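Engineer: First, the structure itself, so that you have it in front of you.
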Amino acid sequence: MSAVEVRVLGPVSAAVDGAALPLRKPRVREVLGVLVAAQGRSVATGALVEDLWDGAAPAGAVGAVRTFVGELRRALEPERPPRTPSLVVTTATGYALHLPEQAVDAWRVGEAAPDARGAAPAVAVPALTGALAQWRGDAYEEFADRPWAHPERVRLAALRADLVERLADALLASGRAPEAVALLDPHVTAHPWREEGWRLLATALHRADRPAEALDVLRRGRRTFADDLGLDPGPALVALEQEILHRRTHTWRDGGLSALDRRGTRARLEASAAVLTSLAVSGDLTTVRAQRLAAVTAAEQLDDPLLSARVIGGLEAPGVWTRSDDDGLARAVVAAATRTLPRVAGSPHARARLLATVALEDRGTAARETHAREAERLARDLHDDRLLCLALGGRYMQRFTRTGLAGDRERIGAELVATARRAESTTFEICGRIVRMQALCALDRLDDAAAEADAVDALAAAAERPLASTFTAWFRHTFADAPEPVAPDEMPGFSRGIVALSRLTRALRAGDDLPDGDLGPYEPWVRPLLLARGGHRDEARRALASAPPPPHDLLLEVTWTLLLTAAREVDDAGTTARARVTLLPAREELAAGSGVVDLGPVTACLQP
């Protein structure tokens, strides 16, 4: 049987018996990349559509996916007889890649670190060198800007960094300090957050009789941690600096981390949640997204479930928008929390944090309400107000199971404000007030919503929370005709498509011509109406037929109202009936629960 090999640690490619396969189409390579990233698990066809078109899929996207999968099968197995099992398996919901672990470079390198742990240097050095040689560039480098690739790129980058450090440790144990220096010098530049890299490079320089350079590395590391993170160096670096200054030979244990190093790593990870929270609430979301998964991955590697729970659930930066800024990162955090939950059954604090984190991160699905409710119950039983704040934030994110729930969200927001004040948490008080502002818009209590907006702005100014006023600025634009704000790049989950959606809905309410624009993720639910208004009835009906169900989020009433309006204009009775049934529970509300977009009273569109 021919040996198929797939490589994603660099350009995505495949080979059979060493001969490169012709994967010329980017979409075919991307399908292969998505299936590899799933690590053998089934990927639903709908998820593939979302991954490939990033929320703006054409009407024939499902058929196109089938075509790409067919081309991938023919490329991987050109001589496979018809109706025989394929490496690309059709599952009940989609597709999966069935290959041995050793056939995929990204799968087999994951075994190198565990295999090297505790192994003699003579075994560890060639094994780790071979694993690192698998990288021909950055993982999935062709698809670096694709959301589906992000969590795997982050995970594999962290794995690569870990392998470099383990190899350096093994080289030092073998007395090959100059080789370790050459390996580590570019490593610390690329990974300045990793204290272990700085320690190993300084150790290697010291062992290579270059003490002045070793001290310079330690001082550069100290400046990096102080300037970028506001932290002092860990005890391992401090101890090493003292050893070098006193010209004493420091004895390092062969292989792995010493007890002191482990304490340093743990201390850094324990501090990471507070550091990332501080960066998040101050508006540096880009750094948070870049570093959060690395911290989670490092914590899991220490095999301490309580530490993992604290790192995974330690980001106290509640969300107030129900579309994630980074879907890939959110999925990875949810997966880590789900892996850790069974291991912390005896700790209600840890369990509550993980459950609340799942509810916060798996937003726009309404599938995690049981997680949110259990987190809330545990926090109340523990009488822990800060934990209750986190749980209430998760409960809010999941309170979109159907339309017409603005009253429930208003009550959650009110309790969140009161709890945050008891806990002296400005961050959660701002969150609670934005939640109330949004819900009050749907309840047509605009004066009360304006009062909450004023309170948010005052708190945001006093506590230097610049991104909080993004939502109040959009509220005033929508309901008080203030100038259109700039959507912040730091919040792609909010900013993508919101300007075009806001302009279109304002025109729809005013009876003006509908403007087109970059609708981002809202494209499937807006395009049918644009086609209908443009006189393209058949295309509008096809677009309605292919539109996926709107996500369970702040714009649930808006998206269903848009679908209902389009369906009526092209006499689509089926979609009209579904939309009416879906919107009926919101008949006493405005389609304005986001505080950003307003389509007026829901009852008006329910009229025959």
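The values are calculated or read from the model by the stated rules, or taken from the named source; none is laboratory data. Not measured: the values here are computed from a predicted model. Positions of Cβ are generated from backbone atoms using ideal geometry, with glycine treated the same way; all protein chains shown enter the neighbour counts. Side chains are part of the model used for accessible areas, which takes the heavy atoms of the whole protein and leaves out ligands, DNA and RNA. Shrake-Rupley method; radii C 1.70, N 1.55, O 1.52, S 1.80 Å.
Engineer: What helices (runs of 4 or more DSSP H) lie completely within the range 553-608 and have 3 or more residues being aliphatic (A, V, I, L, M) and within 18 Å of residue 519 (Cβ to Cβ)? Reasoning before the result, please.
Structural biologist: Working: elements: 556-569, 573-583, 602-606.
Result: 556-569.
Engineer: Run down 209, 185 and say which single residue is modelled with pLDDT of 85 or more and open to solvent by 50 Å² or more (accessible area, probe 1.4 Å).
Structural biologist: 185
Engineer: Does residue 364 satisfy being at pLDDT below 95, buried (at least 22 other Cβ atoms within 10 Å of the Cβ), farther than 20 Å from residue 350 by Cα and not charged (D, E, K, R)?
Structural biologist: In short, yes.
Engineer: Could you check the range 1-91 for helices (runs of 4 or more DSSP H) lying wholly inside it with 1 or more residues that are touching a residue at least 40 places away in the same chain (Cβ under 8 Å) and over 29 Å from the mean Cα position of the chain (by Cα)?
Structural biologist: Once the helices (runs of 4 or more DSSP H) in the range 1-91 are filtered for at least 1 residues that are touching a residue at least 40 places away in the same chain (Cβ under 8 Å) and over 29 Å from the mean Cα position of the chain (by Cα), what remains is 61-76.
Engineer: Let me ask something additional. Would you check if there is a residue in the range 479-491 being in a helix (DSSP H, G or I) and closer than 22 Å to residue 324 by Cβ?
Structural biologist: Looking through the range 479-491, none of the residues is in a helix (DSSP H, G or I) and closer than 22 Å to residue 324 by Cβ.
Engineer: Would a scan of the range 471-481 turn up a residue that is open to solvent by 10 Å² or more (accessible area, probe 1.4 Å) and at pLDDT below 95?
Structural biologist: yes
Engineer: Mind counting the residues in the range 591-604 that are open to solvent by 20 Å² or more (accessible area, probe 1.4 Å) and either touching a strand residue (DSSP E or B) at 6+ places or on another chain (Cβ under 7 Å) or closer than 14 Å to residue 508 by Cα (or both)?
Structural biologist: 3
Engineer: Next up: Run down 332, 345, 317 and say which single residue is closer than 26 Å to residue 158 by Cα and either open to solvent by 30 Å² or more (accessible area, probe 1.4 Å) or without any contact (Cβ under 8 Å) to a residue 40 or more places away in the chain (or both). Give the steps one after another, and end with the answer.
Structural biologist: Values: 332 fails: either open to solvent by 30 Å² or more (accessible area, probe 1.4 Å) or without any contact (Cβ under 8 Å) to a residue 40 or more places away in the chain (or both); 345 fails: closer than 26 Å to residue 158 by Cα.
When all the criteria are applied, what remains is 317.
Engineer: Only one of 530, 554 is among the hydrophobic types (A, V, I, L, M, F, W, C), touching a residue at least 40 places away in the same chain (Cβ under 8 Å) and open to solvent by less than 40 Å² (accessible area, probe 1.4 Å); which?
Structural biologist: 554
Engineer: Moving on to the next point. I'd like the residue in the range 1-13 that is surrounded by fewer than 22 Cβ atoms within 10 Å (Cβ to Cβ) and out of contact with any Phe, Trp or Tyr (no Cβ under 8 Å at 6 or more places or on another chain) and, out of all such residues, is farthest from residue 156 (Cα to Cα).
Structural biologist: The residue in question is 1.
Engineer: Let me ask another. I'd like to verify a number: residues in the range 28-55 that are more than 25 Å from residue 493 (Cβ to Cβ) and open to solvent by 60 Å² or more (accessible area, probe 1.4 Å), how many?
Structural biologist: Selection size over the range 28-55: 1.
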